[in-house]
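Working notes, beginning with the structure itself.
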Ligand SMILES: Cc1cc2nc3c(=O)[nH]c(=O)nc-3n(C[C@H](O)[C@H](O)[C@H](O)COP(=O)(O)OP(=O)(O)OC[C@H]3O[C@@H](n4cnc5c(N)ncnc54)[C@H](O)[C@@H]3O)c2cc1C
C-alpha cells in the first residue's frame, strides 16, 4: 500500500461513481468519507442507466459486486436495427469473444443498491442529505462546508477531495476546472411502460423513423423503455402486451463536454462531474465507474498524480464514440438516411465491423485495467 493510506479522503457524491470509488478504496483497506446531497440511491423506477458493460463487470469482480449484478441482470443477446418498422439488421452478442456478454441490463438504482450492500460489509455508508455548500481554500488545501439535514454546518479540510457530484459538480465549478464542449439541438424523450405480463428483454431495438429514431430497451422482466427524438413517439410504439402503467417519462437535451484535466492539486473529478455525453452507447455510468476504479488503484499505489493523464485519453475515446453514434442515429438528410438503410444490412455482415461495434458496447475500447491480469 502506498503513502495514500494515511490521507483523509472526502468523496462528494454517492452515485455509481462515488460508490465504486469508496468500494474500491475500502477493499484495499483505505477508508473514505462519502457524502451526498441526495436522500438515498437513485429510485429504481427513475433509473437513467440500464446497461452494465463487460468492462464494468471485470472491474467490479474483485469487490464481489459483479457476482451480485450477474445474479440479477438480464443478458442482452441481440441488437436489432430497423427502418420504419422494417428489419434491416441484427447483431448477435453470443459470438463476442469475452468473458462477459457485452452488456447486461440492470437499472442504475439496482446497481447502486448492490454497491451499497457490499460497501456496508466494510462498515461504510454514505452520509445522505449532506451537501457541499461552500468550497474554499485552494486545490492544495480545499476547505469544505458540509450542510447536514439537521441544519448543522461542518467544516472539513480533507487531504484529498474527489468530486463525483454529477454533471453540475460543485467541486468542478469551485476549483476552476474548465468544462468545454457543446450542446446539440436535438431533444430526446423517454417513457417507461410496465406491461401486464413479462416481455422479451433479450434485445435492444433501434427503429429509424427517418427522420428521428425510436429505441426500445429492456428495463426489467415486464418493463420496457422507449427513447426517441420525436415528441409524438408514444403514438408510434407497437406495445408487445397490455400496458399496466407508464412508470416514468422524461425529456432531456444532450451536451458533449469534458474537463481538460481531471485533477488539480489534491482535487480530483470522476464520472459525470468530469464528462457528459449522449446516452447512445450506454457509456456514462460505466465510464464513471471506470474512472473510480482507476483512481482508487492509483491512490492505493500513491500514484494519484498520474490519474488525469491516464484517464483523459479514455474519456476522449468515449466522447468521440458517443458523438459518432448520436450523429448516426439522428441523421436528418433523406439521402443519408436512405444510404444508411442500404448499407446497414451489408456492413453488419462484416465480422470486423460487428466486432468493433460489440467491443465498443462492452466498453473494451479504452485501456484495460493494468492491476487485473489478463483483463480485456
Ligand atoms: C436517459 C439517460 C439514460 C442513460 N443510460 C445510460 C446507460 O444505459 N448506461 C450508462 O452507463 N449510463 C447511462 N446514462 C448516464 C448515467 O446515468 C450517468 O452517467 C451516471 O449516473 C453518472 O454517475 P455519477 O455517479 O458520476 O453521477 P450522478 O449519478 O449524477 O451522482 C451524483 C451524486 O452527487 C451528489 N451531489 C450532487 N451535488 C452535490 C453537492 N453539492 N454536495 C454533495 N453531493 C452532491 C448527488 O446527490 C449524487 O449522489 C444515462 C443517462 C440518461 C440521462
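A few remarks follow.
- Where residue 326 falls short, out of the listed (1) over 17 Å from the mean Cα position of the chain (by Cα); (2) over 26 Å from residue 295 (Cβ atoms): (1)
- Per the conditions (1) part of a helix (DSSP H, G or I); (2) closer than 18 Å to residue 171 by Cα, the sole criterion not satisfied by residue 257 is (1).
- All helices (runs of 4 or more DSSP H) inside segment 266-376 with 1 or more residues being touching a helix residue (DSSP H, G or I) at 6+ places or on another chain (Cβ under 7 Å), within 16 Å of the ligand (Cβ to nearest atom) and within 30 Å of residue 157 (Cβ to Cβ): 284-300, 307-329
- Restricted to segment 80-195, the set of strands (runs of 3 or more DSSP E) holding at least 2 residues that are touching a residue at least 12 places away in the same chain (Cβ under 8 Å) and out of contact with any helix residue (DSSP H, G or I) (no Cβ under 7 Å at 6 or more places or on another chain) comprises 86-92, 131-137, 142-147, 153-156, 181-195.
- Within segment 297-319, if we keep just the residues that are over 19 Å from residue 177 (Cβ atoms) and surrounded by fewer than 18 Cβ atoms within 10 Å (Cβ to Cβ), the residue that is nearest to the chain's Cα centre (by Cα) turns out to be 317.
- Taking every residue in segment 33-58 that is within 21 Å of residue 75 (Cα to Cα) and free of Cβ contacts under 8 Å to residues at least 60 places away in the same chain and pairing it with any residue that is assigned to a loop (DSSP other than H, G, I, E, B) and more than 8 Å from the ligand (Cβ to nearest atom), at least 6 positions away or on another chain, the pairs with Cβ-Cβ distances below 6 Å are 57/100.
- Flag for residue 367 being touching a residue at least 12 places away in the same chain (Cβ under 8 Å), surrounded by fewer than 16 Cβ atoms within 10 Å (Cβ to Cβ) and touching a strand residue (DSSP E or B) at 6+ places or on another chain (Cβ under 6 Å): no
- Filter result for the condition that a residue is at pLDDT below 95 and within 15 Å of the ligand (Cβ to nearest atom), over 184, 162: 184
- Tallying residues that are touching a residue at least 24 places away in the same chain (Cβ under 8 Å) and not in a loop (DSSP other than H, G, I, E, B) within segment 221-254 yields 21.
- If you go through segment 46-73 and keep only what is in contact with a strand residue (DSSP E or B) (Cβ under 6 Å, 6 or more places away or on another chain) and farther than 23 Å from residue 130 by Cα, you end up with 50, 51, 52, 53, 69, 73.
- From the list 48, 55, the one residue that fits, being in a helix (DSSP H, G or I), in contact with a helix residue (DSSP H, G or I) (Cβ under 8 Å, 6 or more places away or on another chain) and either under 17 Å from residue 113 (Cα atoms) or within 13 Å of the ligand (Cβ to nearest atom) (or both), is 55.
- Here 9, 69 are screened, and the one residue that is within 16 Å of the ligand (Cβ to nearest atom), modelled with pLDDT of 95 or more and either over 17 Å from the mean Cα position of the chain (by Cα) or at positive phi (or both) is 9.
For (1) under 27 Å from the mean Cα position of the chain (by Cα); (2) more than 13 Å from the ligand (Cβ to nearest atom), each residue gets a yes or a no:
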residue	(1), (2)
154	no, no
188	yes, no
207	yes, yes
233	yes, yes
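The values are calculated or read from the model by the stated rules, or taken from the named source; none is laboratory data. Treat the numbers as computed from the prediction; the structure is a model and nothing was measured. Don't worry about glycine lacking a Cβ; one is built from the backbone with ideal geometry, like all the others, and counts go over all protein chains shown.
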